[in-house]
Amino acid sequence: MTVHRESGEVLIGRNKAEREVLRRRSSLIILGVVVVMPGIFVPLGLLSFLDEPKGDHLAIAAFSLGCIALVWRIMGAKVVLTVDTMIVVNPVFSYEVGYHGVWRVGGDSRGTLTVWTFTDEEISSFGFSGSILDHFVRTSDRAAERIQRRLPVKKREVRKGERGRRELEEKYGVRRSISRAWGADACALTSMVLWIWAGVLGIG
């Protein structure tokens, strides 16, 4: 069972495994609006195609699905906190690092939630990027506080030389992977198929 609770503008989802998902509540609102509004034109375009098989109708559905896919990926950015690691999920790539490898977390000069590791890597969270609004609601600061509570108290480890650098990367390295967004990818793939089909039939 998942329990959702709000901390200001930060929406926190927690389950029994102590897995927390941090994201801006406004991101979910924008995603919902964008999915619903263009989503109306997808069935309209397909129904119009059934009545009159023209490429223009398929193009309408394809464009709408493309918009949904793009916004879904962008607004799906978040930070996931598990028992041992944190995962910064950005629109394209995700970055996973153990809490023992996090040196510092906070806002950068633009107010974006940023994680600095012991290997001098810097991970910025797209889901908590800086903005004029966030300067007042301080969602990045509140998200940083949630992460800070899970970090162990330790001094920064310094090792000199190439060998020492490799040892640090093996111990504290960041794992990068492609962000998974099955719904957005399905919309994007369907959009591409419809665009090709519309091109074959002719547009305009």
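Read-outs throughout are calculated quantities, based only on the coordinates presented, and are distinct from any laboratory measurement. Computed from a predicted structure; not experimentally measured. Here Cβ is always computed from backbone atoms with ideal geometry, including for glycine, and neighbour counts include all displayed protein chains.
Worth a mention:
- When each of the peptides 181-192, 77-88 is scored by how many other beta carbons lie within 10 Å of its residues on average, the order from highest to lowest is 77-88, 181-192.
- Per-residue Karplus couplings for segment 80-93, computed as 6.51 cos²θ - 1.76 cosθ + 1.60 with θ equal to phi - 60°, are listed in order as 10, 10, 9, 5, 10, 9, 10, 10, 8, 9, 9, x, 10, 10 Hz, Gly and Pro entered as x.
- 3J(HN,Hα) along segment 111-119: x, 7, 4, 9, 10, 10, 9, 5, 9 Hz, from the Karplus curve 6.51 cos²θ - 1.76 cosθ + 1.60 with θ = phi - 60°, whole Hz, x for Gly and Pro.
- Label sites at E122 and L50, each approximated as a point 7 angstrom past Cα along Cα to Cβ, lie 5.4 nm apart.
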